[in-house]
Structures are given as C-alpha cells and as structure tokens.
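Here is the structure we will look at.
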Amino acid sequence: MPYITSVGRIGIQKGLEQGLEQGLEKGLKQGLEQGLEQGLEQGLEQGRREELLAGIALALDLKFGDEGLALLPEIRHISEVTRLQAIRDQIKAAGTPEELRQVYATPDDPA
C-alpha cells in the first residue's frame, strides 16, 4: 500500500466530500424535477376527470332528467379518463340510460 501524506489524505477527504455533496445536489434536483412532473401530470388528469364528470352530469340531466342523473354515482367511480370520454361521447346516441350504462358496465357489474 503506497504511503499517503497528510496533505494527500486531506485532498482525498475534500474530494470525497465534494463528490458526495455534488451527488446529493444532483439527486435532489432530479428527484424534485420528477416529483413536480408527476404532480403536474396527476393534477391535469384529475382536472380532465372532473371536467368530464361535470359535462356528463349536465348531458345526462338535459337528455334523461332524473333517470339519467341516477347513473352518476356509478359513473363517478370510474377513474379512467378514456372511459369517461367514451361515456360522454355516447350520451347523444343512447336512447335510454340503460343503453348508456352498457357503454361503461363490465360483465361483472351488477348494474
């Protein structure tokens, strides 16, 4: 093992400390950026979901009245924006609330 002077040990120690500090800073920065990005995506998704639900509620009320609004508790349990968009898009074509229920009900749903 080669001999390391005290000056060399101090240099190594400072290098390790700087490397650790820089690594922590970089890791924190990347973590914050990823966290902000995920938070933004989740917020936008939640906003889209809420707006779709509001639009669906209005359309159900206008087309089917109270009978259509009775579907809302079931529809509010749907978290996927694409399924909510499919429901919204089919309201105009559906002749009855039951026809609309077929758009989002799965075979396992008691509906």
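The values are calculated or read from the model by the stated rules, or taken from the named source; none is laboratory data. In this text, all values refer to a predicted model and were calculated from it rather than measured experimentally. Here the Cβ positions follow ideal geometry from the backbone for every residue, glycine too, while neighbour counts run over all protein chains shown.
Points worth noting:
- So residue 83, is it loosely packed, with under 14 Cβ neighbours inside 10 Å and either outside any helix (DSSP H, G or I) or among the charged types (D, E, K, R) (or both): no
- Annotation note: of 58, 32, 24, the sole residue that is closer than 28 Å to residue 104 by Cβ and either among the aliphatic types (A, V, I, L, M) or in a loop (DSSP other than H, G, I, E, B) (or both) is 58.
- Any chance residue 68 is in a helix (DSSP H, G or I), touching a Pro at 6+ places or on another chain (Cβ under 8 Å) and small (Gly, Ala, Ser): yes
- Residues located in the stretch 6-23, provided they are surrounded by 10 or more Cβ atoms within 10 Å (Cβ to Cβ) and either at pLDDT below 80 or over 36 Å from the mean Cα position of the chain (by Cα) (or both): 8, 9, 10, 11, 12, 13, 14, 15, 16, 17, 18, 20
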